[in-house]
Amino acid sequence: YTANVGRNMWTHAIIFCGHFADGVQLFTEDQIENETRGQWYVRQLQGAANVEGSTAFHILTGHLSTQIEHHIFPDMPSNHYQEVGVEVRALCEEYGIPYVTGSFAKQYGEVLRALTVHSLPDDAIENAARAILRKPKKAAAKKVGKKAQTANPVKARRPAKERAA
């Protein structure tokens, strides 16, 4: 039981990093309708991300850490993805297509943030952002006001001309 839970959590984390990290695009059915073969390949590039790591890390992920190459070449044996990835990355750079990749910690943090944001009601993010943007201004104004009142009460009561001197 514990091994299954651990394996499922690990698989979830790796697969989500390959599909929901920052920079990965999502597409609607309307966007992919009547796409050409070339557009299909570009969509595969833009709709996936890789997770950086050592050879051992890639083996432990079952090479699911190379989702970009997996999406482009789904029938290729996964142990060749890293090798092909060098060429895919070079082509992306040549044509200005983002090649989304990052560390496991970075990408899993992005995934958790995205899941949290998308699980909230639509207006919750807007209301939270409004509240966050408002609070610092009020807090800063109160602090400044208190400092001005308590820093030197005598100086604060004197006329402006005397305070300048």
Quiz item: Once phi is turned into θ = phi - 60°, what whole-Hz ³J(HN,Hα) does the Karplus curve with 6.51, -1.76 and 1.60 give for every residue of region 125-130, x standing for Gly and Pro?
Solution: 5, 4, 5, 5, 4, 4
Self-check item: Shape of region 46-97, Cα gyration tensor, a/c cut at 1.5
Solution: prolate
Practice problem: Collect residues whose amide H, placed 1.01 Å from N in the peptide plane, falls under 5 Å from the amide H of Thr101; neighbours closer than 5 in sequence don't count. | Solution: Asn50
Practice problem: Normalising by the residue count of region 53-139, find the relative contact order in percent from Cα pairs under 8 Å and 6+ residues apart. | Solution: 17 percent
Quiz item: What order do you get for 31-44, 65-78, 105-118 when each peptide is scored by the mean count of other beta carbon atoms within 10 Å, highest first?
Solution: 65-78, 105-118, 31-44
Quiz item: Tell me, what HN-Hα J-couplings in whole Hz come from the Karplus equation 6.51 cos²θ - 1.76 cosθ + 1.60 at θ = phi - 60° for each residue of region 73-80, using x for Gly and Pro?
Solution: 10, x, 9, 6, x, 5, 6, 9
Exercise. May I ask you to list the residues of region 37-63 whose amide nitrogen lies under 15 Å from a point 7 Å from Cα along the Cα→beta-carbon direction of Leu91?
Key: 37-48
Quiz item: So what are the ³J(HN,Hα) numbers for region 35-41, from phi and the Karplus equation (6.51, -1.76, 1.60; θ = phi - 60°), rounded to whole Hz, Gly and Pro as x?
Solution: 6, 7, 5, x, 5, 4, 5
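Read-outs: derived from the displayed coordinates by stated rules, not from any lab. Predicted model only: the values in this text are computed from it and were never measured. When we count neighbours, we look across all protein chains shown, and the Cβ atoms used for this are built from the backbone with ideal geometry, even at glycine.
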